[in-house]
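Right, one structure below, let's go through it.
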Amino acid sequence: MASYSVLHGSVALITLQNPPVNALSAAVRAGITDAVQRTLKDPQVTSVVICGQNGRFCGGADIREFGGSMSGPPLVPMINAIEAMDKPVVAAIEGVALGGGLELALGCHYRIAHRQALVGLPEVTLGLLPAAGGSQRLPRLIGLPAALDLITTGKHILASEALKLGIVDQVTDGNALNMAVEFARRIVGKPLDPRRISTLPCPSPPDVDFLLDRVLAQVRKRARGALAPVACVGALRAAVFLPFAQGMEKERELMGALFDSGQARALQYAFFSQRLVSQLENHCCYWARYGLVPRHIAPEEILERCLYALTNEGFNILQDGMAAGPEDIDAIYVFGYGWPRHRGGPMFHAGQVGLARVLEKLEHYQHKHPDVPYLKPSPLLRRLVAAGSPAVQKWREFLNKDRVHSQL
Ligand SMILES: C[C@H](O)[C@H](C)C(=O)SCCNC(=O)CCNC(=O)[C@H](O)C(C)(C)COP(=O)([O-])OP(=O)([O-])OC[C@H]1O[C@@H](n2cnc3c(N)ncnc32)[C@H](O)[C@@H]1OP(=O)([O-])[O-]
């Protein structure tokens, strides 16, 4: 939803209303669209301020809508319509302006922020890219190097840093909304063309190809196999080499490839599960509602039951000859599933914990949960422990001897 009011007889105030972060749900987008139309029709209105209720501008597109049918007015035309208005539009940024929230602000002609507000385009952390013009407007506003850094990392920056980059025009330690309203009254009549970012050329540094290739290599190394950072670089490359409209087409095409990817769904799941779990820690009514009897569970118990069952299946895979050595299993987890490299992989981890301890714990949990088949210790694990728990680097040799011995 978005409320509409007129201040001082001439400044239209559009307030995003979707707690807790004023995410751009279908209802909010419809509210903004209606309010923008009202400002255009009201001859008394000479300038517009957009803000968010409860001291937060906007946390971006409504991630909860991603799994469903995306109804309501689309973001891109809405932002383009705001930018095209012939009445100045000022974004009053408090709290956060992230993702689509910052893209909305970039469609405004001016941006006034509270010094402690956070701005950024964190879409890449959700397996996506800025898809409401952010990949095309931001480099036009702050240059390609800074835009590459912000968009491929998804980092949030304080408004004071955003001021230095040129993302916001003014910051205040006071009331950003009041400052924005006063600013909106003062700038009536000033030319708006230079303020329409989409009409600006995208500055192209002399070594632009080298810069793009270097950043592409960096993001590929930093997040091996991740699709979104690579797509972000592709969208920014389009911003430099294509006119805005074609760059927007490229942004839309790249987002389309990411939106339904397994990586995006996984990262968005992780976003919500992180918050759900942190809420459940002391959510006693949740237990009551589901008839759960709270008991103390050490984090180690959850870790051990998940990890040791996983490594136990690894021993069964080695025993069945489906993998030649533990390295084959660990490489799959490290390079394919993002297992922390500094922890080597599940089989290496078992060696570090100590095979005797892994066996002891599996026997303990199997005794407690006889109905869980994956907790039954692998015969190979028992043989390795009986052989003195050789280092993981020796298991391949042990397996070869084991296979020769079993064929005699
Ligand atoms: C077109 C465009 O290009 C693209 C496609 C996009 O725009 S994609 C979207 C891009 N935007 C983001 O990536 C920002 C994600 N959010 C955050 O980083 C943080 O939320 C926060 C804004 C810095 C606030 O942190 P917080 O610590 O004060 O509170 P919280 O616990 O995190 O969140 C408080 C509550 O708000 C919910 N929430 C937060 N952001 C949300 C969002 N964008 N959509 C829906 N719900 C959101 C969150 O799930 C939690 O819900 P519940 O658990 O209470 O039910």
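What do you reckon, is TYR333 in contact with a Gly (Cβ under 6 Å, 6 or more places away or on another chain), open to solvent by less than 80 Å² (accessible area, probe 1.4 Å) and in contact (Cβ under 8 Å) with a residue 12 or more places away in the chain?
Numbers: in contact with a Gly (Cβ under 6 Å, 6 or more places away or on another chain): yes; open to solvent by less than 80 Å² (accessible area, probe 1.4 Å): yes; in contact (Cβ under 8 Å) with a residue 12 or more places away in the chain: yes.
Answer is yes for this residue.
Going by the structure shown, is SER204 away from the ligand (no atom under 16 Å from the Cβ), without any contact (Cβ under 8 Å) to a residue 60 or more places away in the chain, among the small types (Gly, Ala, Ser) and over 25 Å from LEU75 (Cβ atoms)? Let's see the steps before the verdict.
Values: away from the ligand (no atom under 16 Å from the Cβ): yes; without any contact (Cβ under 8 Å) to a residue 60 or more places away in the chain: no; among the small types (Gly, Ala, Ser): yes; over 25 Å from LEU75 (Cβ atoms): yes.
When the stated conditions are applied, SER204 does not pass them.
Residue by residue, here is whether (1) assigned to a strand (DSSP E or B); (2) assigned by TED's automatic domain parsing to the domain that holds PHE244; (3) open to solvent by 10 Å² or more (accessible area, probe 1.4 Å); (4) more than 16 Å from the ligand (Cβ to nearest atom) holds:
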residue: ALA35; (1), (2), (3), (4): no, yes, no, yes
residue: LEU40; (1), (2), (3), (4): no, yes, yes, yes
residue: GLY67; (1), (2), (3), (4): no, yes, yes, no
residue: VAL76; (1), (2), (3), (4): no, yes, yes, no
residue: ASP86; (1), (2), (3), (4): no, yes, yes, yes
residue: GLU103; (1), (2), (3), (4): no, yes, no, no
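Tell me whether the stretch 120-134 contains one or more residues that are more than 11 Å from the ligand (Cβ to nearest atom) and farther than 22 Å from LEU13 by Cβ. Show your work before the answer.
Residues of the stretch 120-134 more than 11 Å from the ligand (Cβ to nearest atom): none.
No: zero hits.
Here are VAL45, VAL28: which of them is within 11 Å of the ligand (Cβ to nearest atom), of a type in the set (A, V, I, L, M), open to solvent by less than 10 Å² (accessible area, probe 1.4 Å) and without any contact (Cβ under 8 Å) to a residue 60 or more places away in the chain?
Numbers: VAL45 fails: within 11 Å of the ligand (Cβ to nearest atom).
Every option except VAL28 fails the conditions.
Would it be correct to say that PRO194 is modelled with pLDDT under 95, out of contact with any helix residue (DSSP H, G or I) (no Cβ under 8 Å at 6 or more places or on another chain) and assigned by TED's automatic domain parsing to the domain that holds MET248? Let's see the steps before the verdict.
Numbers: modelled with pLDDT under 95: no; out of contact with any helix residue (DSSP H, G or I) (no Cβ under 8 Å at 6 or more places or on another chain): yes; assigned by TED's automatic domain parsing to the domain that holds MET248: yes.
No.
Starting from the stretch 108-137, keep only residues that are without any contact (Cβ under 8 Å) to a residue 40 or more places away in the chain, then list their pairs with residues that are within 6 Å of the ligand (Cβ to nearest atom) and assigned to a strand (DSSP E or B) whose Cβ atoms are within a distance under 9 Å, requiring at least 6 positions of separation or different chains.
Between residues of the stretch 108-137 that are without any contact (Cβ under 8 Å) to a residue 40 or more places away in the chain and residues that are within 6 Å of the ligand (Cβ to nearest atom) and assigned to a strand (DSSP E or B), the close pairs are GLY120/VAL96; GLY120/LEU98; LEU121/LEU98.
Does GLN116 satisfy the condition of being over 23 Å from CYS232 (Cβ atoms), more than 13 Å from the ligand (Cβ to nearest atom) and either in contact with a strand residue (DSSP E or B) (Cβ under 8 Å, 6 or more places away or on another chain) or among the basic types (Lys, Arg) (or both)? Even if it seems obvious, please write down each step before you answer.
Details: over 23 Å from CYS232 (Cβ atoms): yes; more than 13 Å from the ligand (Cβ to nearest atom): no; either in contact with a strand residue (DSSP E or B) (Cβ under 8 Å, 6 or more places away or on another chain) or among the basic types (Lys, Arg) (or both): yes.
In short, no.
For the stretch 370-408, which residues satisfy the criterion of being touching a residue at least 12 places away in the same chain (Cβ under 8 Å) and not in a helix (DSSP H, G or I)?
Of all residues in the stretch 370-408, those touching a residue at least 12 places away in the same chain (Cβ under 8 Å) come to 372, 374-385, 389, 391-392, 395-396, 398-399, 402-403.
Result: VAL372, LYS376, PRO377, SER378, SER389, ALA391.
Name the single residue, out of those in the stretch 175-226 being part of a loop (DSSP other than H, G, I, E, B) and under 30 Å from HIS8 (Cβ atoms), that is most open to solvent (accessible area, probe 1.4 Å).
So the first thing to find is which residues in the stretch 175-226 are part of a loop (DSSP other than H, G, I, E, B), and the list is 175, 187-192, 196, 200-207, 223-226.
Cutting the leftovers down to under 30 Å from HIS8 (Cβ atoms) gives us 175, 187-192, 196.
On the way: ASN175: 76, ILE187: 9, VAL188: 64, GLY189: 76, LYS190: 112, PRO191: 93, LEU192: 17, ARG196: 38 Å².
For the stretch 175-226, the residue satisfying everything is LYS190.
Could you please give the count of residues in the stretch 6-26 that are at pLDDT 95 or above and over 20 Å from GLY95 (Cβ atoms)?
Here the count works out to 6.
The values are calculated or read from the model by the stated rules, or taken from the named source; none is laboratory data. What you see is a predicted model, and the numbers here were worked out from it, not measured in a lab. Reconstructed Cβ throughout: ideal geometry from the backbone, glycine too, with neighbour counts over all protein chains shown. Just so you know, the surface numbers come from the protein's heavy atoms only, side chains and all, with ligands and any DNA or RNA stripped out. Shrake-Rupley method; radii C 1.70, N 1.55, O 1.52, S 1.80 Å.
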